[in-house]
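What follows is one structure encoded as structure tokens, with my remarks underneath.
Each reported figure results from applying straightforward, stated rules to the coordinates on display, with no laboratory input. Here the structure is a predicted model, which means the values were calculated and not measured. As a convention, Cβ positions derive from the backbone with ideal geometry for all residues, glycine included, and neighbour counts pool all protein chains shown.
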Amino acid sequence: MRKNLWSSIYLIVIFALLVSGCSTLAMLKVHPKTYQELHFAKTEDDWTLELQRYYQKGHVQYKEPIILCHGMGYNSNFWAIDDKRSLAQYLADQGFDVWAVSLRGSGKSSKTGWFAFREILSVRFNDFTNVSMSADKLDWNIEDHIEKDIPALISKVQEVSGAESVNWVGHSMGSVIVFGFLELAENPEVIRNVVAISPPFTFLRPHNKMLSFLETHPYYIDLNLLVNQKNLYQFLVPLRGIFKDPLGDLFFKNKNMDEETIIRLYDDVVENISPGVAGQFRAMLKKGDFVSADGEMNYTENLDKVTLPVLLLVGRDDDLTPPETVRYGYRKLASRDKTYLEFSTLEGYSTDYGHDDLVIGKNVYNEVYPKISGWLKLRSK
């Protein structure tokens, strides 16, 4: 009798431990191993573009892959800057097939020989993967990203994944170029949903102090084209406590960034900017809208051609793309399914977010990433 009693107690304990263990694993949200693959795409004008793929075998639940596109002067490392701030990893954990891309001139994508020569002191030697000395690769502008880079990137993702359409998640310039693509493309249906983080649709006047400085002192932008910006920012890393980046507030708020993340940003993400792209940015400051290099196409005014689902995110304390500029774009969009989210303490978030903070800030894993993932899940097959 006593033996049967102890046997029963033993079985109950084992059952309780098993149930407890399963519950603990569920709470921890244990995911399969994430695989990373390096791919390259060729554009119609013979530039090579880098794509970093993140996915979990047997755990991909959605047919449409997600393309993550960085902003001006950055590369694909922006989307996986460290273990705590990796939107690429987070979305892969949620069951998506994720592709972080580097536009021409950045990451392991094609770079001009002039850039490579200036970067000879750089510790990022693996970025010289596709250096070109060709005279036709000395410069490029935003139209090259819109008309050549985007089609090549989408085509490569389709080829490897077998998907008919993709989701596009872009930050800053990486978000507005996809609207330019959608306005001009013969097959805009190749993109199913767009998430635009801090999109510079327009620059309303009067400018803030930082943007006014850039507009009235064009030599500052020109100087950055002569000086190796990538090496400059790497040089500034040990001097951060002594020297303050004069334009730092345009891109992030120190209060919302870990110091290690800022160092990684300077070391592994910042890239040189081409004269063509810099010239268009300068023209945008003067004209106010997002326009083509020749001034013939006003992408901001043509936002009413965009009809697919769009999620817009902006930080309340963003000095480069303030909330009112993003709301302006929101009103222009013809999409019936469009969502605007502003990240501020008034909306219940931990802080008023800045420009880059929405992707690599302190609390993005709990506050921003779930919003992006949840919105995409509702609209993905």
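Summary of values
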quantity	calculated
Sequence of L68, L346, L341, L308 once ranked by neighbouring C-beta atoms within 10 Å, starting from the fewest	L346, L341, L308, L68
For q = 0.10, 0.13, 0.15 Å⁻¹, Debye-computed log10 I/I(0) when each Cα of segment 236-381 counts as one equal scatterer	-0.44, -0.74, -0.97
Restricting segment 275-332 to GluC sites (Glu not before Pro) in coil, as DSSP defines it, with at most 13 other Cβ within 10 Å	E296
Cβ-derived FRET efficiency at R0 45 Å, D304 paired with T345, nearest 0.05	0.85
Highest to lowest packing among 146-153, 197-204, scored as the average C-beta count within 10 Å	197-204, 146-153
Residues W375, W79, W47, sorted so that the one with the fewest Cβ neighbours within 10 Å comes first	W375, W47, W79
